[in-house]
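Here is the structure we will look at, set down as C-alpha coordinates.
The values are calculated or read from the model by the stated rules, or taken from the named source; none is laboratory data. Everything quoted here is computed from the prediction, not taken from an experiment. Neighbour counts run over all protein chains shown; Cβ positions are idealised from the backbone, glycine included. Protein only, heavy atoms only, side chains kept; ligands, DNA and RNA dropped before computing areas. Shrake-Rupley method; radii C 1.70, N 1.55, O 1.52, S 1.80 Å.
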Amino acid sequence: MYVKPKKKEPKVSYEAIIEARKKTALLIFNVLNGRLSVLSALKMFPKNIPDDSVNVCFHILVHYEADEDIRKKDPLYKEEQDEFMDYAAQLLDSGEPLPINIIKEYNGFYKETLLYPEINKATIISRLKKFINI
(Lines give C-alpha, C1' and ligand atoms only; values in the text may rest on other atoms or scores of the structure.)
Protein backbone atom coordinates (compact mmCIF):
# COMPACT_ATOMS: atom_id res chain seq x y z
CA MET A 1 0.00 0.00 0.00
CA TYR A 2 1.30 3.42 -0.97
CA VAL A 3 0.92 6.27 1.45
CA LYS A 4 1.39 9.71 -0.01
CA PRO A 5 4.20 11.43 1.90
CA LYS A 6 3.24 14.38 4.02
CA LYS A 7 4.17 17.67 2.39
CA LYS A 8 6.92 19.51 4.17
CA GLU A 9 6.38 23.12 5.06
CA PRO A 10 8.53 25.33 2.90
CA LYS A 11 11.76 26.52 4.48
CA VAL A 12 11.53 30.25 4.97
CA SER A 13 14.09 32.54 6.52
CA TYR A 14 13.39 34.51 9.67
CA GLU A 15 13.70 37.71 7.62
CA ALA A 16 11.01 36.47 5.20
CA ILE A 17 8.68 35.75 8.12
CA ILE A 18 9.21 39.26 9.54
CA GLU A 19 8.59 40.73 6.07
CA ALA A 20 5.39 38.66 5.75
CA ARG A 21 4.22 39.87 9.16
CA LYS A 22 4.80 43.48 8.14
CA LYS A 23 2.99 42.97 4.84
CA THR A 24 0.08 41.37 6.71
CA ALA A 25 -0.03 44.32 9.11
CA LEU A 26 -0.16 46.78 6.21
CA LEU A 27 -3.03 44.84 4.63
CA ILE A 28 -4.98 44.90 7.90
CA PHE A 29 -4.33 48.63 8.39
CA ASN A 30 -5.53 49.29 4.84
CA VAL A 31 -8.72 47.27 5.41
CA LEU A 32 -9.42 49.15 8.64
CA ASN A 33 -8.80 52.50 6.92
CA GLY A 34 -11.08 51.59 4.02
CA ARG A 35 -8.26 51.71 1.46
CA LEU A 36 -8.67 48.01 0.64
CA SER A 37 -11.59 45.63 0.62
CA VAL A 38 -11.16 42.41 2.56
CA LEU A 39 -11.26 40.43 -0.69
CA SER A 40 -8.44 42.52 -2.16
CA ALA A 41 -6.40 42.08 1.02
CA LEU A 42 -6.91 38.31 0.93
CA LYS A 43 -5.80 38.19 -2.70
CA MET A 44 -2.58 40.05 -1.77
CA PHE A 45 -2.02 38.00 1.39
CA PRO A 46 1.51 36.53 1.85
CA LYS A 47 1.65 33.02 0.46
CA ASN A 48 3.48 29.92 1.68
CA ILE A 49 4.65 31.40 4.98
CA PRO A 50 4.87 28.84 7.82
CA ASP A 51 4.07 31.37 10.54
CA ASP A 52 1.07 30.92 12.83
CA SER A 53 0.67 34.68 13.30
CA VAL A 54 0.35 35.28 9.55
CA ASN A 55 -2.01 32.32 9.09
CA VAL A 56 -4.23 33.47 11.95
CA CYS A 57 -4.52 36.93 10.40
CA PHE A 58 -5.86 35.39 7.21
CA HIS A 59 -8.72 33.94 9.25
CA ILE A 60 -9.15 37.14 11.23
CA LEU A 61 -9.76 38.94 7.93
CA VAL A 62 -12.19 36.26 6.79
CA HIS A 63 -14.12 36.61 10.06
CA TYR A 64 -14.08 40.40 9.69
CA GLU A 65 -15.78 40.08 6.30
CA ALA A 66 -18.23 37.44 7.54
CA ASP A 67 -19.25 39.67 10.46
CA GLU A 68 -20.09 42.67 8.27
CA ASP A 69 -23.82 42.48 9.04
CA ILE A 70 -23.18 42.23 12.80
CA ARG A 71 -20.78 45.17 12.61
CA LYS A 72 -23.49 47.32 11.00
CA LYS A 73 -26.06 46.45 13.69
CA ASP A 74 -23.82 46.58 16.75
CA PRO A 75 -21.44 49.57 17.08
CA LEU A 76 -19.81 48.12 20.21
CA TYR A 77 -19.00 44.86 18.39
CA LYS A 78 -17.56 46.88 15.48
CA GLU A 79 -15.40 48.93 17.83
CA GLU A 80 -14.07 45.85 19.65
CA GLN A 81 -13.33 44.01 16.41
CA ASP A 82 -11.56 47.05 14.94
CA GLU A 83 -9.46 47.45 18.10
CA PHE A 84 -8.56 43.75 18.07
CA MET A 85 -7.48 43.91 14.42
CA ASP A 86 -5.52 47.12 15.04
CA TYR A 87 -3.75 45.46 17.99
CA ALA A 88 -2.86 42.41 15.86
CA ALA A 89 -1.60 44.64 13.04
CA GLN A 90 0.54 46.71 15.42
CA LEU A 91 2.21 43.58 16.78
CA LEU A 92 2.90 42.23 13.30
CA ASP A 93 4.13 45.60 12.06
CA SER A 94 6.78 45.54 14.78
CA GLY A 95 7.76 42.01 13.66
CA GLU A 96 6.34 40.40 16.79
CA PRO A 97 4.19 37.27 16.76
CA LEU A 98 0.62 37.28 18.00
CA PRO A 99 0.12 36.12 21.60
CA ILE A 100 -0.26 32.36 21.94
CA ASN A 101 -3.81 32.65 23.31
CA ILE A 102 -4.95 34.34 20.07
CA ILE A 103 -3.19 31.72 17.98
CA LYS A 104 -4.81 28.90 20.00
CA GLU A 105 -8.23 30.53 19.61
CA TYR A 106 -7.93 30.34 15.82
CA ASN A 107 -6.23 26.92 15.61
CA GLY A 108 -9.57 25.24 14.93
CA PHE A 109 -9.94 27.17 11.67
CA TYR A 110 -6.78 25.97 10.03
CA LYS A 111 -4.67 22.88 10.32
CA GLU A 112 -1.75 23.61 8.03
CA THR A 113 0.18 26.45 6.51
CA LEU A 114 -1.65 28.20 3.70
CA LEU A 115 0.22 26.68 0.76
CA TYR A 116 -0.38 27.76 -2.80
CA PRO A 117 0.82 25.25 -5.38
CA GLU A 118 2.97 26.31 -8.26
CA ILE A 119 0.88 26.79 -11.36
CA ASN A 120 2.49 24.74 -14.07
CA LYS A 121 1.50 22.05 -16.55
CA ALA A 122 1.65 19.22 -13.98
CA THR A 123 -0.50 21.15 -11.47
CA ILE A 124 -3.12 21.98 -14.08
CA ILE A 125 -3.31 18.35 -15.27
CA SER A 126 -3.57 17.13 -11.68
CA ARG A 127 -6.41 19.54 -10.96
CA LEU A 128 -8.23 18.54 -14.14
CA LYS A 129 -7.95 14.87 -13.18
CA LYS A 130 -9.47 15.59 -9.78
CA PHE A 131 -12.19 17.70 -11.38
CA ILE A 132 -13.24 14.97 -13.81
CA ASN A 133 -12.64 12.31 -11.14
CA ILE A 134 -9.94 10.24 -12.83
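Out of the stretch 14-35, which residues are surrounded by fewer than 19 Cβ atoms within 10 Å (Cβ to Cβ) and in contact with a Leu (Cβ under 7 Å, 6 or more places away or on another chain)? Let's see the steps before the verdict.
Here is the first cut: in the stretch 14-35, the ones surrounded by fewer than 19 Cβ atoms within 10 Å (Cβ to Cβ) are 14-19, 22-23, 26, 29-30, 32-35.
Within the stretch 14-35, Lys22, Asn30 meet the criteria.
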| task | For residues that are open to solvent by less than 80 Å² (accessible area, probe 1.4 Å) and acidic (Asp, Glu), scanning just the stretch 69-102, find the one that is farthest from Ile28 (Cα to Cα). | result | Asp74
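Quick check on Tyr64: is it touching a residue at least 24 places away in the same chain (Cβ under 8 Å), on the phi < 0 side of the Ramachandran plot and of a type in the set (Ser, Thr, Tyr)?
For Tyr64, the condition - touching a residue at least 24 places away in the same chain (Cβ under 8 Å), on the phi < 0 side of the Ramachandran plot and of a type in the set (Ser, Thr, Tyr) - is met.
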| Which of the residues belonging to the stretch 36-49 are within 22 Å of Ile103 (Cβ to Cβ), surrounded by fewer than 18 Cβ atoms within 10 Å (Cβ to Cβ) and touching a residue at least 24 places away in the same chain (Cβ under 8 Å)? | Val38, Lys47, Asn48
| task | Kindly provide the set of residues from the stretch 47-62 that are farther than 15 Å from Glu15 by Cα and β-branched (Val, Ile, Thr), ordered by number. | result | Val56, Ile60, Val62
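Here's a check for you: in the stretch 59-68, which residue that is open to solvent by 40 Å² or more (accessible area, probe 1.4 Å) and of a type in the set (A, V, I, L, M, F, W, C) is nearest to Tyr106 (Cα to Cα)? Explain how you work it out, then say what you get.
Within the stretch 59-68, the subset open to solvent by 40 Å² or more (accessible area, probe 1.4 Å) is 62-63, 65-66, 68.
Still in the list and also of a type in the set (A, V, I, L, M, F, W, C): 62, 66.
Working: Val62: 12, Ala66: 15 Å.
Looking at residues that are open to solvent by 40 Å² or more (accessible area, probe 1.4 Å) and of a type in the set (A, V, I, L, M, F, W, C), I get Val62.
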